[in-house]
Amino acid sequence: MELSQRKKYWKENLKYLSILLTIWFLVSYGFGILLVDELNTIRLGGFKLGFWFAQQGSIYVFVLLIFVYVRLMNKLDKKYKVNE
Amino acid sequence: MEIQTWTFIIVGLTFALYIGIAIWSRAGSTKEFYIAGGGVSPLANGLATAADWMSAASFLGMAGIIAFSGYDGSVYLMGWTGGYVLLALLLAPYLRKFGKFTVPDFIGDRYYSNVARTVAVVAALFVSFTYVAGQMRGVGVVFSRFLDVEVNTGVYIGMAVVLFYAFLGGMKGITYTQVAQYCVLIFAFMVPAIFISLMATGNPIPQLGFGSAGEDGVYLLDKLDGLMTELGFTAYTDGTKSKTDVFFITAALMMGTAGLPHVIIRFFTVPKVKDARKSAGYALLFIAILYTTAPAIAVFARTNLMETVQDTPYKEIPSWFTKWEDTGLIAWTDKNGDGKIQYLPGSAIEGKKPQFIEGRANYGQRKITNPSTTANELYVDRDITVLANPEIAGLPNWIIALVAAGGLAAALSTAAGLLLVISTSISHDLIKKQFARDISDKRELLIARLSAVLAVIVAGYFGINPPGFVASVVALAFGLAASSFFPAIVMGIFSKRMNREGAISGMVAGLAITTYYIARFKLGWIGNPETSGTDNWWFGISPEGFGTMGMLVNFAVALVISRFTSPPPEKVQEIVENIRIPSGAGDAIEH
């Protein structure tokens with residue numbers, strides 16, 4: 001693989017990582033911890049929203065994030081022909 | 001049938017299954033022993049990782065801790081799942097591409113240094129032994145309650161079973177046993193949870209049930225908040241820990257999860273880089289089933305406890321209460337002499353455990369010698385929440401037996417994974433890589449097996465002399481993993497400039513400061529115990545959360561030192577280039 005291609009592949013990879021990790025930070029440290037009091041004033045059925053993010057919501061998002069990452073990377077691998 | 005008969009049958013059947021699988025999948029080469037031959041499918045690896053990862057602490061301890069700490073318990077929920085995102089995105093694919101057997105292998109090669117390899121081996125042993133102690137105590141708790149044997153006998157039985165399949169099958173045996181153990185443990189966890197959710201709210205899905213309303217039309221969480229604040233506790237959904245501490249503990253558990261050697265080693269067993277990514281996703285999915293149910297169980301259990309025992313005369317208490325009192329995990333002292341149980345904030349006893357003496361007091365309760373001066377009369381060991389829950393809810397005996405089997409599956413699968421890391425660290429990273437490079441495969445396999453025996457004996461010793469609560473001991477292992485491995489591996493992949501000097505000094509600094517802090521503020525080994533309380537914590541960070549600080553120190557030291565020393569050799573930079581490209585992973589190989 002060409003050096004320039006490699007660099008491009010790595011750069012796109014890093015772009016995906018930073019987007020996905022930002023979401024990861026937002027739902028857990030953001031909604032579940034730092035903003036928990038503000039979000040607790042909003043209700044989701046019997047749940048206070050901040051509490052829900054801390055004990056349920058963030059976990060659902062984590063699972064989703066990994067599968068989105070798998071999809072994105074599989075597509076990227078194909079684009080740069082490094083898939084197997 | 002009696003609970004005990006059911007337990008013998010169900011636990012006996014599951015043990016027979018594990019041993020059967022071990023015989024069917026025994027390892028013939030070191031490659032099979034270390035990485036199961038490298039041909040595990042992503043789905044099977046996901047299942048095995050989930051079982052490997054979910055320990056006695058997750059199965060038995062976590063719901064209990066959340067039940068007693070409310071919102072504060074979120075640190076375990078987010079911390080122990082969020083780490084998988086880091087693992088999947090930052091570590092697993094690259095380590096799989098690297099294609100060797102162990103984490104010290106990666107550290108040793110990437111940092112072209114046997115010193116780095118040795119530091120990694122020491123850290124791996126340290127983390128694994130701290131962690132395995134909690135597992136063996138979990139095995140003891142389950143056995144003593146449900147098979148009515150001494151805790152020590154329970155630990156011996158557990159040791160014998162783990163030894164059998166770890167010795168025979170290595171990673172290959174462990175992988176397929178763990179797949180079976182996942183099925184047992186998730187079934188055992190979900191069945192009572194679904195029943196209890198149905199009974200409490202009419203909703204069979206616990207994740208939704210605990211946000212629903214009970215028969216009286218009041219939302220369960222609001223009812224619990226009300227019950228607690230009325231008696232002077234902090235509201236369940238608020239918690240008492242400071243924001244800083246919650247932040248740091250969550251981070252330490254996340255980075256720790258991503259740095260745990262027995263989890264990382266599992267990603268070496270799949271055929272391709274693509275599979276490593278995918279199996280991290282499966283692993284988290286299977287883990288999330290339990291981790292989103294545990295907070296629901298916690299709410300049901302806490303509400304149940306508050307409603308059942310509060311101001312109930314001891315004479316009228318349900319039988320589960322006295323049964324657990326017999327095992328010493330519940331204690332009641334009638335401080336105000338009214339014959340009723342008052343459950344209030346504060347510790348009911350002085351010290352960590354109730355001290356029992358012979359004989360019964362006036363209502364038939366067990367006598368203790370160390371009641372505290374608070375008004376609270378009830379001591380409940382947090383570890384019993386999951387085990388006692390089916391009994392409290394009055395579920396049939398076979399379900400109670402099933403929960404016992406599930407707890408054992410969780411403890412044994414994790415213990416086996418850890419034992420493998422310990423034996424691999426000794427036979428591969430220490431003996432093969434440092435002392436006897438030209439050792440034959442057969443010889444190395446023998447040493448691996450003997451190391452497994454040694455590891456089981458040490459683990460058993462910790463099970464018989466447990467250092468503390470199941471989950472809090474485990475939490476410390478994370479701090480150590482977060483402050484040593486995680487930064488070294490991440491920088492090894494994402495920074496081409498990171499060199500030997502930086503990585504080693506970073507690991508040593510991170511590990512040293514975290515160990516110091518834990519020894520000082522958690523274990524009380526150094527310093528004046530009077531100044532090791534909450535007020536003296538640095539920046540208000542608890543020992544459980546200090547791993548995050550250790551990790552930051554590790555990163556900082558490594559980055560500074562690497563700037564003042566020479567860059568890594570050309571060959572190493574090529575390794576880094578190479579692991580960033582997924583194709584051509586091929587088999588994991590030795591060199």
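The values are calculated or read from the model by the stated rules, or taken from the named source; none is laboratory data. Just so it is clear, the structure is predicted and the values come from calculations on it, not from any experiment. As a convention, Cβ positions derive from the backbone with ideal geometry for all residues, glycine included, and neighbour counts pool all protein chains shown. To get the accessible areas, we keep the full protein, side chains included, count just its heavy atoms, and leave off ligands, DNA and RNA. Shrake-Rupley method; radii C 1.70, N 1.55, O 1.52, S 1.80 Å.
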Quiz item: How many residues are assigned to a loop (DSSP other than H, G, I, E, B) and open to solvent by 20 Å² or more (accessible area, probe 1.4 Å) when one looks only at region B:325-341?
Solution: 8
Self-check item: Selection count where residues are open to solvent by 10 Å² or more (accessible area, probe 1.4 Å) and touching a Phe, Trp or Tyr at 6+ places or on another chain (Cβ under 7 Å), scope region B:104-123
Solution: 0
Quiz item: B:Asp148 is checked against (1) modelled with pLDDT under 80; (2) part of a helix (DSSP H, G or I); (3) not hydroxyl-bearing (Ser, Thr, Tyr) and fails just one. What number does that condition carry?
Solution: (2)
Quiz item: Among the residues of region B:105-117, is any under 30 Å from A:Gly32 (Cβ atoms) and in contact (Cβ under 8 Å) with a residue 60 or more places away in the chain?
Solution: no
Exercise. Please note which helices (runs of 4 or more DSSP H) are completely contained in region B:57-139 and include at least 3 residues that are more than 17 Å from B:Ile493 (Cα to Cα).
Key: B:63-69, B:74-86
Exercise. Please state which one of A:Gly32, A:Gly50 is more than 7 Å from every other protein chain (Cβ to nearest Cβ), open to solvent by less than 10 Å² (accessible area, probe 1.4 Å) and touching a residue at least 12 places away in the same chain (Cβ under 8 Å).
Key: A:Gly50
Self-check item: Matching residues, region B:37-74, being in contact with an Asp or Glu (Cβ under 8 Å, 6 or more places away or on another chain), open to solvent by less than 10 Å² (accessible area, probe 1.4 Å) and within 11 Å of chain A (Cβ to nearest Cβ)
Solution: B:Gly70
Practice problem: Please verify whether region B:542-558 includes one or more residues that are assigned to a helix (DSSP H, G or I) and under 30 Å from A:Asn74 (Cα atoms). | Solution: no
Quiz item: Identify, please: which residue in region B:303-314 is of a type outside the set (S, T, N, Q), out of contact with any Phe, Trp or Tyr (no Cβ under 6 Å at 6 or more places or on another chain) and open to solvent by 10 Å² or more (accessible area, probe 1.4 Å) and is, among those, farthest from the other protein chains (Cβ to nearest Cβ)?
Solution: B:Pro313
Quiz item: Given the conditions (1) more than 7 Å from chain B (Cβ to nearest Cβ); (2) under 19 Å from B:Thr293 (Cβ atoms); (3) open to solvent by less than 50 Å² (accessible area, probe 1.4 Å), which single one is not true for A:Leu64?
Solution: (3)
Quiz item: What number of residues within region B:428-438 are without any contact (Cβ under 8 Å) to a residue 40 or more places away in the chain and crowded, with 16+ Cβ neighbours inside 10 Å?
Solution: 2
Quiz item: Pairs under 7 Å by beta carbon, first residue closer than 16 Å to B:Pro313 by Cα in region B:350-371, partner aliphatic (A, V, I, L, M) and open to solvent by less than 60 Å² (accessible area, probe 1.4 Å), six or more apart or different chains?
Solution: B:Arg366/B:Ala331
Self-check item: Filtered residue count, region B:124-172, keeping only those that are touching a Leu at 6+ places or on another chain (Cβ under 7 Å), hydrophobic (A, V, I, L, M, F, W, C) and under 17 Å from B:Leu450 (Cβ atoms)
Solution: 3
Exercise. Give A:Met1, A:Met73 a once-over and let me know the one that is out of contact with any Leu (no Cβ under 6 Å at 6 or more places or on another chain), surrounded by 19 or more Cβ atoms within 10 Å (Cβ to Cβ) and within 20 Å of B:Lys272 (Cβ to Cβ).
Key: A:Met73
Quiz item: If the Cβ limit is 8 Å and pairs must be 6+ apart or interchain, which residue in region B:236-257 that is within 27 Å of B:Ala88 (Cβ to Cβ) and within 9 Å of chain A (Cβ to nearest Cβ) pairs with which residue that is in a helix (DSSP H, G or I) and open to solvent by 50 Å² or more (accessible area, probe 1.4 Å)?
Solution: B:Phe247/A:Leu34
Self-check item: Test: residue in region B:375-387 that is under 30 Å from B:Thr229 (Cβ atoms), among the β-branched types (Val, Ile, Thr) and more than 29 Å from the chain's Cα centre (by Cα)
Solution: no
Self-check item: Residue list for region A:67-84, filter: closer than 22 Å to B:Trp80 by Cβ, touching a residue at least 24 places away in the same chain (Cβ under 8 Å) and at the interface with chain B (Cβ under 7 Å from one of its Cβ atoms)
Solution: A:Tyr69
Exercise. Within region B:266-284, count every residue that is in contact with a Ser or Thr (Cβ under 9 Å, 6 or more places away or on another chain), in a helix (DSSP H, G or I) and open to solvent by 10 Å² or more (accessible area, probe 1.4 Å).
Key: 2
Quiz item: Taking region B:542-591 as the search range and keeping residues that are within 14 Å of chain A (Cβ to nearest Cβ) and farther than 23 Å from B:Lys433 by Cβ, which one is modelled with the lowest pLDDT?
Solution: B:Gly584
